[in-house]
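**Student:** One structure coming up, written as structure tokens, with questions to follow.
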Amino acid sequence: MKPETHFNALIKAVSDSKRIQSAKPRQLITLEKQTEPVTFILHEGVVAIYRSSDRLLIKYIRAPMITGMNELIDTNDGIFIKAYKSVSYEILPTKEMLDIISTQGLWKDASYCYMYAVRQLLLAHYSSVGLSTYELIRLNLISLMNEDEALSDHVNVSDYILEKTRLSRSRVMKILGDLRIGGYIEIERGILKKINKLPEKY
């Protein structure tokens, strides 16, 4: 469960209205080539995070959310962000973010945000390493179904899987077609509407 109360507490403490920007759907937001490490705060909307090297979709995130709150490594290195719909966001130096957390005694809130980030990282790891083609598709179908409705009701299921796995389109479409014909999933105009029961094996 996302600890939104803790994210909101941090955002309230550090946010500066003069820094808040907006982005239109599909607009790119780059965090690379900054003069210093930065933290990204998503105030409203949904964005997709991609790996720069091969444009692999890493994950979707919805507001409220904070990324890059790390002094040890630059977690923004090698990624770019794309607005899914209209969004508002803020970028601030990570040092400033951590200084405010320290001076205002917000480490409990920060720790919950860190724990959530670790959980998301582990989920991404478990859903991508050492799995067969079908297992990757199965896990990403479940992942899409668990996304926020504002996202899952508008994202094409095959595009979602292809962007997150780089599997061949023909193979993905074949397996999705077989699952739909078998009554395991319900898809309308490319949108995943329902998962009835997915078989463990294909």
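The values are calculated or read from the model by the stated rules, or taken from the named source; none is laboratory data. Treat the numbers as computed from the prediction; the structure is a model and nothing was measured. When we count neighbours, we look across all protein chains shown, and the Cβ atoms used for this are built from the backbone with ideal geometry, even at glycine. When the accessible area is computed, the model is the full protein with side chains, heavy atoms only, and any ligands, DNA or RNA have been set aside. Shrake-Rupley method; radii C 1.70, N 1.55, O 1.52, S 1.80 Å.
**Student:** When the stretch 165-184 is examined, which residues are found to be open to solvent by less than 50 Å² (accessible area, probe 1.4 Å) and closer than 21 Å to Tyr60 by Cα?
**Tutor:** Thr165, Leu167, Val172
**Student:** Which of the residues belonging to the stretch 122-148 are open to solvent by 50 Å² or more (accessible area, probe 1.4 Å) and within 27 Å of Gly68 (Cβ to Cβ)?
**Tutor:** At the first step, the residues of the stretch 122-148 found to be open to solvent by 50 Å² or more (accessible area, probe 1.4 Å) are 122-123, 125-126, 128-132, 135, 139, 142, 145-146, 148.
Scanning the stretch 122-148 gives Leu122, Leu123, His125, Tyr126, Ser128, Val129, Leu139, Asn146, Asp148.
**Student:** Sticking with this structure for a sec: Are any residues in the stretch 9-25 out of contact with any helix residue (DSSP H, G or I) (no Cβ under 8 Å at 6 or more places or on another chain) and either open to solvent by 30 Å² or more (accessible area, probe 1.4 Å) or in a loop (DSSP other than H, G, I, E, B) (or both), and if so, which ones?
**Tutor:** Lys12, Ser15, Asp16, Ser17, Lys18, Arg19, Ile20, Gln21, Ser22, Lys24, Pro25
**Student:** Could you grab me the full set of residues in the stretch 32-51 that are assigned to a strand (DSSP E or B), within 30 Å of Leu167 (Cα to Cα) and over 15 Å from the mean Cα position of the chain (by Cα)?
**Tutor:** Those that are assigned to a strand (DSSP E or B), within 30 Å of Leu167 (Cα to Cα) and over 15 Å from the mean Cα position of the chain (by Cα): none in the stretch 32-51.
**Student:** I would also like to ask the following. Please count how many residues of the stretch 69-85 are surrounded by fewer than 16 Cβ atoms within 10 Å (Cβ to Cβ), touching a residue at least 40 places away in the same chain (Cβ under 8 Å) and touching a helix residue (DSSP H, G or I) at 6+ places or on another chain (Cβ under 7 Å).
**Tutor:** Matching residues across the stretch 69-85 total 0.
**Student:** Then there's this: Select from the stretch 35-51 the residues that are of a type outside the set (Val, Ile, Thr) and within 30 Å of Asp159 (Cβ to Cβ) and write down the one among them that is most open to solvent (accessible area, probe 1.4 Å). Please lay out each step first, then the result.
**Tutor:** Our first condition is that a residue be of a type outside the set (Val, Ile, Thr); within the stretch 35-51, this holds for 36-37, 40, 42-45, 48, 50-51.
Still in the running and within 30 Å of Asp159 (Cβ to Cβ): 40, 42-45, 48, 50-51.
Values: Phe40: 1, Leu42: 0, His43: 49, Glu44: 118, Gly45: 30, Ala48: 4, Tyr50: 12, Arg51: 96 Å².
Ranking the qualifying residues of the stretch 35-51, first place goes to Glu44.
**Student:** Assess whether Glu90 counts as being within 23 Å of Ser22 (Cα to Cα) and among the acidic types (Asp, Glu). Working first, answer last.
**Tutor:** Working: within 23 Å of Ser22 (Cα to Cα): yes; among the acidic types (Asp, Glu): yes.
It is true that Glu90 is within 23 Å of Ser22 (Cα to Cα) and among the acidic types (Asp, Glu).
**Student:** If you go through the stretch 52-60 one residue at a time, do you hit one that is open to solvent by less than 20 Å² (accessible area, probe 1.4 Å), touching a Phe, Trp or Tyr at 6+ places or on another chain (Cβ under 7 Å), part of a loop (DSSP other than H, G, I, E, B) and without any contact (Cβ under 8 Å) to a residue 40 or more places away in the chain? Break it down stepwise before answering.
**Tutor:** Restricting attention to the stretch 52-60, the residues satisfying the condition of being open to solvent by less than 20 Å² (accessible area, probe 1.4 Å) are 57.
If we keep only those that are touching a Phe, Trp or Tyr at 6+ places or on another chain (Cβ under 7 Å) too, we end up with 57.
The next check asks that each one be part of a loop (DSSP other than H, G, I, E, B); those that pass are none.
Among the residues of the stretch 52-60, not one is open to solvent by less than 20 Å² (accessible area, probe 1.4 Å), touching a Phe, Trp or Tyr at 6+ places or on another chain (Cβ under 7 Å), part of a loop (DSSP other than H, G, I, E, B) and without any contact (Cβ under 8 Å) to a residue 40 or more places away in the chain, which makes the answer no.
**Student:** Restricting to the stretch 110-121, and then to whatever is under 15 Å from Met1 (Cβ atoms) and not aromatic (Phe, Trp, Tyr), can you tell me which residue is surrounded by the most Cβ atoms within 10 Å (Cβ to Cβ)?
**Tutor:** Out of the qualifying residues, it is Cys113.
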